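K.L.:
Here it is, the structure, as structure tokens.
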Amino acid sequence: MPERNSRELQRHLIVGLGNPGSKYAGHRHNVGFQCIDYIAERWGATLRTRRFKAHLGEADIDGHRVVLAKPQTFMNDSGRAVGPMSGWFKIPPRRILVIYDDLDLPLARVRLRPGGSSGGHRGVQSIIDALGTQEFPRLRVGIGRPEFGDPIDYVLNNFSREQEPIVREIYPWVEEMVRYYLDAGIVEAMNRYNGRDIMSCDADAGRGVVGKE
């Protein structure tokens with residue numbers, strides 16, 4: 001069997017992190033859910049299936065079979081959903097991409113990583129514990145830190161009126177990054193996208209490029 005066809009048969013799991021329920025939907029902490037919703041709409045996937053304590057949808061995109069997931073366990077227990085999904089679908093950690101919010105990246109900066117520590121993000125730590133490894137790729141979406149006040153209050157509130165149009169620009173860019181990651185792998189995707197700023201408009205993309213730490 002040709003190498004390309006063999007790779008096309010492999011499933012990938014794309015997980016967005018957030019808290020379930022309508023009252024959390026617009027929160028900064030739910031930007032992972034928001035990205036998955038956008039990707040699902042673009043790819044024609046409906047997140048109707050409820051299994052493994054998650055909302056799931058499947059799509060064939062650019063020759064890849066992809067499972068999209070939004071854990072419904074609340075953020076800090078995300079691993080309770082991701083671990084069983086990984087086992088059932090036989091998807092190893094290296095093919096699980098986790099999308100989540102990052103206080104330490106400025107708003108509208110997005111960065112890919114091949115693995116590593118949770119950086120204090122409890123949802124990611126829960127997944128590390130469930131999978132028994134730190135070696136799974138991540139896509140971190142910057143939400144920035146508040147100048148004043150408690151960061152917990154900040155993440156558990158909606159984006160401000162000034163931030164909302166900026167955040168809407170992030171979703172299509174994340175979808176493009178995920179497509180490229182699926183086709184080329186995490187290292188090539190990092191080389192292509194990390195170190196670019198979404199607010200500096202790229203004429204070819206018509207949106208911008210993604211920010212460097």
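The values are calculated or read from the model by the stated rules, or taken from the named source; none is laboratory data. Since the structure is predicted, the reported quantities are computational estimates derived from the model, not experimental observations. Quick reminder, even Gly has a Cβ in these numbers, built from the backbone with ideal geometry, and neighbours come from all protein chains shown.
K.L.:
Which of (1) out of contact with any Phe, Trp or Tyr (no Cβ under 6 Å at 6 or more places or on another chain); (2) modelled with pLDDT of 95 or more; (3) part of a helix (DSSP H, G or I); (4) not polar (S, T, N, Q) is the odd one out, the single condition L68 does not satisfy?
P.N.:
Of (1) out of contact with any Phe, Trp or Tyr (no Cβ under 6 Å at 6 or more places or on another chain); (2) modelled with pLDDT of 95 or more; (3) part of a helix (DSSP H, G or I); (4) not polar (S, T, N, Q), only one is false for L68: (3).
K.L.:
Suppose we filter the stretch 114-143 for residues that are surrounded by fewer than 18 Cβ atoms within 10 Å (Cβ to Cβ), free of Cβ contacts under 8 Å to residues at least 60 places away in the same chain and of a type outside the set (D, E, K, R); how many remain?
P.N.:
Taking the stretch 114-143 as the starting set, the residues that turn out to be surrounded by fewer than 18 Cβ atoms within 10 Å (Cβ to Cβ) are 114-120, 122, 125, 129, 132-135.
Among the residues that remain, those that are also free of Cβ contacts under 8 Å to residues at least 60 places away in the same chain are: 115-120, 122, 125, 129, 132-135.
Adding the requirement that they be of a type outside the set (D, E, K, R) leaves 115-120, 125, 132-134.
Within the stretch 114-143, residues that are surrounded by fewer than 18 Cβ atoms within 10 Å (Cβ to Cβ), free of Cβ contacts under 8 Å to residues at least 60 places away in the same chain and of a type outside the set (D, E, K, R) number 10.
K.L.:
Then there is this: Which of the following residues is modelled with pLDDT under 95, within 14 Å of L105 (Cα to Cα) and part of a loop (DSSP other than H, G, I, E, B): G195, G149? Walk me through it before giving the result.
P.N.:
Values: G149 fails: within 14 Å of L105 (Cα to Cα).
Just one listed residue meets the conditions, G195.
K.L.:
Mind checking which residues of the stretch 89-115 are farther than 25 Å from P172 by Cβ and either out of contact with any strand residue (DSSP E or B) (no Cβ under 8 Å at 6 or more places or on another chain) or among the basic types (K, R) (or both)?
P.N.:
Selection gives K90, P92, P93, R94.
K.L.:
Another question, if that's okay. Of all residues being under 16 Å from the mean Cα position of the chain (by Cα) and of a type outside the set (S, T, Y) in the stretch 118-133, which is nearest to V82 (Cα to Cα)? Just the residue, please.
P.N.:
Only one residue tops the list, namely I127.
K.L.:
Still on this structure: Could you run through the stretch 134-180 and say how many residues are under 16 Å from H121 (Cβ atoms), over 15 Å from the mean Cα position of the chain (by Cα) and among the β-branched types (V, I, T)?
P.N.:
Total meeting the criteria: 2.
K.L.:
Could you count how many residues in the stretch 152-175 are at pLDDT below 95, under 30 Å from R95 (Cβ atoms) and acidic (D, E)?
P.N.:
Qualifying residue count, the stretch 152-175: 1.
K.L.:
Something else: Within the stretch 76-93, can you find the residues that are more than 13 Å from I128 (Cβ to Cβ) and out of contact with any Ser or Thr (no Cβ under 9 Å at 6 or more places or on another chain)?
P.N.:
Passing the criteria: P84, M85, G87, W88, F89, K90, I91.
K.L.:
Exactly one of these conditions fails for V110: (1) over 24 Å from I128 (Cα atoms); (2) of a type in the set (V, I, T); (3) under 13 Å from the mean Cα position of the chain (by Cα). Give me its number.
P.N.:
It fails just one condition, (1).
K.L.:
Restricting the search to the stretch 60-115, which residues are among the aromatic types (F, W, Y) and out of contact with any His (no Cβ under 7 Å at 6 or more places or on another chain)?
P.N.:
Matches in the stretch 60-115: F74, W88, F89.
K.L.:
Collect the residues in the stretch 34-68 that are touching a Leu at 6+ places or on another chain (Cβ under 8 Å) and aromatic (F, W, Y), keeping them in residue-number order.
P.N.:
The answer is W43, and nothing else.
K.L.:
Is there any pair linking a residue in the stretch 145-174 that is on the phi < 0 side of the Ramachandran plot to one that is aliphatic (A, V, I, L, M) and part of a helix (DSSP H, G or I), with Cβ under 7 Å and at least six apart or on different chains, and which?
P.N.:
F159/V167
K.L.:
Can you tell which of A45, A59, A40 is touching a strand residue (DSSP E or B) at 6+ places or on another chain (Cβ under 6 Å), without any contact (Cβ under 8 Å) to a residue 40 or more places away in the chain and in a helix (DSSP H, G or I)?
P.N.:
Just a single option satisfies the conditions, and that option is A40.
K.L.:
Another question, if that's okay. Considering R95, R11, R65, which residue is in contact (Cβ under 8 Å) with a residue 40 or more places away in the chain, of a type in the set (D, E, K, R) and buried (at least 18 other Cβ atoms within 10 Å of the Cβ)?
P.N.:
Being in contact (Cβ under 8 Å) with a residue 40 or more places away in the chain, of a type in the set (D, E, K, R) and buried (at least 18 other Cβ atoms within 10 Å of the Cβ) holds for just one of R95, R11, R65, which is R95.
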